[in-house]
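What follows is one structure encoded as structure tokens, with my remarks underneath.
Coordinate-derived values only; no laboratory data. Since this is a predicted model, take the numbers as computed values, not measurements. Here the Cβ is made from the backbone with ideal geometry for all residues, glycine too, and neighbour counts use every protein chain on show.
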Amino acid sequence: MPLIAVLPGDGIGPEVTTQARRVLEALNLDLQFEEAPVGGAGYLASGVPLPPETLALAKRADGVLFGAVGDPRFEALERRLRPEAALLALRRELGLFVNLRPATLFPGLEDASPLKPEVVDGLDIVIVRELIGDVYFGEKGRRTTQEGLRQGYDWMSYDEAEVERIAIVGFEMAKRRKRKLCSVDKANVLETSQLWRDVVNEVAVRYPEVALTHMYVDNAAMQLVRRPADFDVIVTGNLFGDILSDQASMCAGSIGMLPSASLADWSGANGMYEPIHGSAPDIAGQGKANPCAAILSAAMLLRHSLGEEACALRIEAAVAKALEAGARTPDLGGSLTTSEMGDAVLSALT
Ligand code: IPM
Ligand code: MG
């Protein structure tokens, strides 16, 4: 019986994860669920954001359903004790170097995006974000300059093997879609990016069927607002992918709509699935959060880690149907509560 680790985390994490779990349970797939604290909740339970038992559960599970981490109460703690440290450690420990962040516009949500409907029409992007390298995981710290000034530093680097493996995922993804891959970097300024671009070009030789373009990240940010529907697959590093995926979410109407899958390979073993939104402490516990991103993350779990493509499609169709029927949480301009939105998706599940 497949084991799903449920790590609700902080803020709105528990609320949205509850709805995603309800949808998974409704499929009668004979899944086993085990829950564990992570982030601020992990810190409160055992003094560290990623308790050893939580990590062990994630490693043992066939897939991890993750909520969100982040809690202003713990912002002043040393970095390794902050909620976010748990997420970064999980990604690293599970070797999840691939982060797939699809941004699609569900029919009926054209008006939810701050962009004009004709601009977002046809939006269907996958951002392939590298997840365990880059400036996120380089040496970081504080030091004092010769002038006696406090200085912070974070080391940015990628080696060629790290770039090659994520580039391959980008090309493979593009090959299965519209065969357009846009690699995003800042090669005009950063040496890390120049190596990135060189390696992506080397990998491109193996994929003559895919049309590759390169774009500087500042231009990509602009084009994502100007003509988002022209993108197919975007492959980029950890930091740029973090920023561009939040931006892409607004093209899709709301950050409450975007799921993600973090994978160590195509088999999906140990894959982790989370909405790209954070813990949103300002609306936590009020039933205002949109559970769609979490529910769609559960669909990705079924697809990538359990090989249940048909069930994944059923969930995605149910979300589409609920939205088409007008079900909306406040972020989409509606007034349904988190659990009412979950009800709407459940009743649309055929
Ligand atoms: C994300 C989040 C995380 C990140 C934070 C919470 C560490 O913003 O998954 O996009 O920066 O990767
Ligand atoms: Mg982010």
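Once you order the gyration tensor axes a ≥ b ≥ c over the Cα atoms, which shape class does segment 114-251 get: rounded for a/c under 1.5, otherwise prolate or oblate by comparing a/b with b/c?
oblate
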For residue 216 and residue 176 in the same chain, what is the full-extension length gain: residue separation times 0.36 nm, less their Cα-Cα distance, in nm?
11.9 nm
What aspartates and glutamates sit close enough to residue 59 to cross-link, taking a C-alpha to C-alpha distance under 15 Å and skipping anything fewer than 8 places away on the same chain?
34, 35, 93, 265
Run the reach check for residue 321 against lysines, Cα to Cα strictly under 28 Å, same-chain hits fewer than 8 apart removed. What comes back?
116, 178, 288
For segment 114-251, give the magnitude of the charge dipole about the Cα centre (Cβ charges: +1 Lys/Arg, -1 Asp/Glu; no others), in debye to the nearest 20.
300
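Count the net charge of all other residues whose Cβ sits under 13 Å from the Cβ of residue 174, scoring Lys and Arg as +1 and Asp and Glu as -1.
Net of charged neighbours comes to +3.
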Hey, rough spin-label estimate for residue 191 and residue 153, points 7 angstrom out along Cα→Cβ, what's it come to in nanometres?
1.3
In debye to the nearest 20, how big a dipole does the chain give about its Cα centre with +1 on each Lys and Arg Cβ and -1 on each Asp and Glu Cβ?
120
Rounded to the nearest Å, the spacing of the alpha-carbon centers of segment 176-198 and segment 314-332 is 35
